[in-house]
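Data block below; observations after.
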Amino acid sequence: MKHLLGIKDLPTSQIENILTTAREFKEVINRPIKKVPSLRDITIANVFFENSTRTRISFELAEKRLSADIVNFSASTSSVKKGETLLDTVNNILAMKVDMIVIRHSSVGAPHFLARHINASVVNAGDGTHEHPTQALLDAYSVWEKLGTIEGKKIALIGDILHSRVALSNIFVFQKLGAEVMVCGPPTLLPKHIEALGVKVTTKLHEALQWCDVANVLRIQLERQQIKYFPSLREYSLYYGINQAMLNQLDKEIVLMHPGPINRGVELSSDAADSPQAIILDQVENGVAVRMAVLYLLAEQR
Ligand code: ASP
C-alpha cells in the first residue's frame, strides 16, 4: 500500500491490518505521554482545498503523535486563488522535501490524479462526493470496538446517500468486513441503481431502524446540492429525523453513529445525539488512532 485513495480497491487484509494497528495506537493516545517517535524523519503536508474541522485536526494530531514534521496548506489562503494548478501547487510543496500528502478536494479523483503524477504517498481525506476512506475506517473501528465484531452485523446508512462520500466508503468497508448494509433516504437522495452495490434500499426510516444493529446518520450535504431534492429541511426532518422516542420504540437497542458535523434538529435531535446509544465522540477519538495507523503503515512502505 503506497497510497490510501479509497476503500474500493483496498484488500480486506489491509483493512484488518489498519484496524488492529489502530488498536495499538488507541492505547498510545490514552497514555499520559501520547507521543511515539515512529515518523520522526517523515514530513507530511496537509493540503485542504475544502473546509474541514474534524478531519484536519485529526490528521494533524495523528501526525504530531507520531512525531512527523508537518505543514498545513489551506486553499483559501494560498496561490491557488491566483490561478495555480493542483499539480503545480503540490509539486512546489514536494520540492521542499515532503514525503506524504494528505489531500481533501471538492473534485472527485483529485487524490488519484496526484498519486499518478507524484512520488509522495497520497492519503485521500475526502474527494468530492466520492470517497472518504479514513472516515470509513474509523467508523468500522468504532463498530468493532463497540460490538466486538463487524461480521454479520446490519449497518443502515441514513440520509443524503447521493452526495455523501462517507456513504460510499462505508458501503465498501462494512461489506468487505462481512456486514450487511442498507441505505435509507428520500428517493431523490438515493443514487439510481445503488442496489447494484449489493445493498438493501428503503425509503422508510422506521424500516431501516427496525432492521439495523447500527445506524450511521449522514448530514444533508446542502453545499453539494445545485437543485432542490426535497421541499424543506423541516419536512426532511419530519420524515427522516431521528429522536430518542423513536429509538425507544425499537425492539432492540441500536448503536447510533454520525460522521459530523451534526445538524441538530435536522437529521438527529439533541436527545438522540447525546444519548448513551450514540458513539459519535468515540468515532472522533478513534479517528486519531486510525489515522495514526494509516500514516504509520504507509510510512513503513517507503
Ligand atoms: N465530515 C464528513 C465529510 O467530510 C461528513 C460531512 O461533512 O457531512 O464528508
Over all directions, the range 54-207 yields a Cα convex hull whose mean projected area in nm² is 11.2 nm²
Out of Asn216, Asn263, Asn124, a Gaussian network model of the chain with alpha-carbon springs under 10 Å gives the largest mean-square fluctuation to Asn263
Given R₀ = 30 Å, what would the calculated FRET efficiency be for Asp271 paired with Ile57, taking r from the Cβ atoms and rounding to 0.05? 0.65
Can you give me the span-like helices of the chain, meaning DSSP H runs with 24 Å or more of Cα extent along the axis and Kyte-Doolittle mean at or above 0.5? 280-300
Chymotrypsin sites (Phe, Trp or Tyr not before Pro) restricted to the range 64-152 and DSSP loop, no more than 11 other C-beta within 10 Å: none
A correct fewest-to-most ranking of Met182, Met100, Met257, Met246 by other Cβ atoms within 10 Å would be Met246, Met182, Met100, Met257
Computed over the Cα atoms of the chain, what is the ratio Rg over Rh, Rh following Kirkwood? 0.97
Please tell me the relative contact order of the chain in percent, rounded to the nearest whole number, where contacts are Cα pairs under 8 Å and at least six residues apart. 21 percent
Of Asn119, Asn248, Asn46, which has the largest mean-square fluctuation in a 10 Å C-alpha GNM of the chain? Asn248
Taking a crude spin-label model, label points 7 Å out from Cα along the C-beta direction, the Ser79 to Gln226 distance in nm is 3.1 nm
Rounding to the nearest 20 debye, state how big the charge dipole of the range 1-156 is about its Cα centre with +1 on each Lys and Arg Cβ and -1 on each Asp and Glu Cβ. 360 debye
Over 29 Å between C-alpha atoms is what I'm after, so list which of Lys64/Lys146; Lys35/Lys82; Lys8/Lys153; Lys8/Lys204 land there. Lys35/Lys82
Would you mind telling me which residue in Ala115, Ala245, Ala272 has the biggest mean-square fluctuation in a Gaussian network model of the chain, where springs connect alpha carbons within a distance under 10 angstrom? Ala245
Please compute the volume of the convex hull spanned by the alpha-carbon atoms of the range 1-113 and report it per residue in Å³. 119 Å³
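We did not get these values from a lab; they are worked out from the coordinates using the rules stated. Keep in mind that this is a model prediction, so the values were computed, not measured. As a convention, Cβ positions derive from the backbone with ideal geometry for all residues, glycine included, and neighbour counts pool all protein chains shown.
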